Structures are given as structure tokens and as C-alpha cells.
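The values are calculated or read from the model by the stated rules, or taken from the named source; none is laboratory data. Here the structure is a predicted model, which means the values were calculated and not measured. Positions of Cβ are backbone-derived with ideal geometry, glycine not excepted, and every protein chain shown enters the neighbour counts. Calculation scope for accessible area: heavy atoms of the full protein, side chains included, ligands and nucleic acids excluded. Shrake-Rupley method; radii C 1.70, N 1.55, O 1.52, S 1.80 Å.
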Amino acid sequence: TVEEDYRFETLPHAVGRDRREMVDRRLKQLYRTTPFYAGYVQARERDLRRDDRYLLTAITDADLLQPWLAAIEARDLPIAGVFSVPVVTPAVSALLKLKSQNVLVISKHAAGMRQTFLRDGKFRFSRLTPFRGLPETNRDAAFAAEIGNTRMYLNALQVTAADDMVVALILDQDD
């Protein structure tokens, strides 16, 4: 869905209950209108303070999930969690034993093309490109152009260099 948000923030290093309270407080500041948010430690900074780098993420439109959750609850089924596809992509890439430093996972959805970039097996960014009104005959060319745009974006951010290899994993439900 387009109603997803991903942010990287650096917060002071903490452990246990202090960490949970600090991250929860920050998530509630950022995402007041939804209960569907989470924070994940990504890395530890190497500077003098050695702060922690977090991925903060949320599904910002809670109403979008209500029909699905209502159907599950009506059948008295347990819900372990609600996760967006990009957040679980690192676990999937680990199951597929992808060892490349740079992986771009590409998938087609009803809302458009989702590209999720992983560096060293960790989530770095995700973008959804809608293809509304685009004829089926032009979709392959549009997908290729968007992948090229993403590659230039990675280079511009200096996440990758022009000569770095990026493995493109295309998930194709339609063969």
C-alpha cells in the first residue's frame, strides 16, 4: 500500500525496558493516528557516543486494514502481528540465501511496482511506483525504466557506486 512510512533515526543507546520505552515514545510521536507501527534496531553507530540506528515504520492508514482484521477476528483467529511486505523482505532474502551485498527485490502489486532495497541483508528503503492507466503492453518497459531510475537514485545517495553489483530479484506471480 502507499500508506506506509519508513524512517531511519539515530537514538541514544539503551537496553531493556529503557530502550522499549524510548522507542515506543518516539513511535507515538511520529505515528499518532495509527496503532500499526514498529521500530527495529539496524546498527550501532561507530562514533564516540555509539548511538543506535533504528528503522521506524508504520502503516499510516489504519482504516485500510480494518476490513481484513474484522474478518479475521469474526472467525476467532489469533493475530500474531501486522507487517508490511518490505519489513519482512530481509527475512525472506535470508531464507533464499541471498549473499549479495546489494539486493533489489521487485514485485508487482495491485497498487503498482514495489522495489525494496537491502544492503548487507538489512532494509534500506522501499518505494511503490503506481502504474495507473498504463496499458499492459507498456508495463515491461515501465518496470525496466523504474528499476533504472532506482539504480540512479542509489548512486546519487551514495548507497551504491556506479560499478557496484546490485542483484535484482524479481518476484513474478504471473510467470
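For region 147-167, what are the residues that are without any contact (Cβ under 8 Å) to a residue 12 or more places away in the chain, within 17 Å of SER100 (Cβ to Cβ) and not aliphatic (A, V, I, L, M)? Scanning region 147-167 gives ASN155, ASP163.
Kindly evaluate THR34 against the criterion of being within 29 Å of ALA14 (Cβ to Cβ), open to solvent by less than 50 Å² (accessible area, probe 1.4 Å) and among the polar types (S, T, N, Q).
Numbers: within 29 Å of ALA14 (Cβ to Cβ): yes; open to solvent by less than 50 Å² (accessible area, probe 1.4 Å): yes; among the polar types (S, T, N, Q): yes.
Yes: the conditions hold for THR34.
Return the only residue of GLU21, GLU45 being of a type in the set (Asp, Glu) and within 30 Å of ILE106 (Cα to Cα). Please lay out each step first, then the result.
Numbers: GLU21 fails: within 30 Å of ILE106 (Cα to Cα).
GLU45 is the lone residue from the list that is of a type in the set (Asp, Glu) and within 30 Å of ILE106 (Cα to Cα).
With respect to GLU45, determine if the residue is open to solvent by 50 Å² or more (accessible area, probe 1.4 Å) and either closer than 21 Å to GLY81 by Cα or aliphatic (A, V, I, L, M) (or both). Even if it seems obvious, please write down each step before you answer.
Details: open to solvent by 50 Å² or more (accessible area, probe 1.4 Å): yes; either closer than 21 Å to GLY81 by Cα or aliphatic (A, V, I, L, M) (or both): no.
Considered against the rule, which asks whether it is open to solvent by 50 Å² or more (accessible area, probe 1.4 Å) and either closer than 21 Å to GLY81 by Cα or aliphatic (A, V, I, L, M) (or both), GLU45 comes out as no.
In region 41-67, of all residues being touching an Asp or Glu at 6+ places or on another chain (Cβ under 6 Å) and among the acidic types (Asp, Glu), the one that is nearest to ARG127 (Cα to Cα) corresponds to ASP61.
Test THR89 against the stated conditions and say whether it is modelled with pLDDT under 90 and touching a Ser or Thr at 6+ places or on another chain (Cβ under 8 Å). So THR89 passes the test. Looking at THR137, THR60, THR150, THR160, just one residue is open to solvent by less than 30 Å² (accessible area, probe 1.4 Å) and either of a type in the set (Asp, Glu) or farther than 23 Å from ALA43 by Cα (or both), and that residue is THR150.
Take the conditions (1) surrounded by 15 or more Cβ atoms within 10 Å (Cβ to Cβ); (2) touching a residue at least 24 places away in the same chain (Cβ under 8 Å); (3) under 18 Å from the mean Cα position of the chain (by Cα); VAL92 misses just one of them, which is (2).
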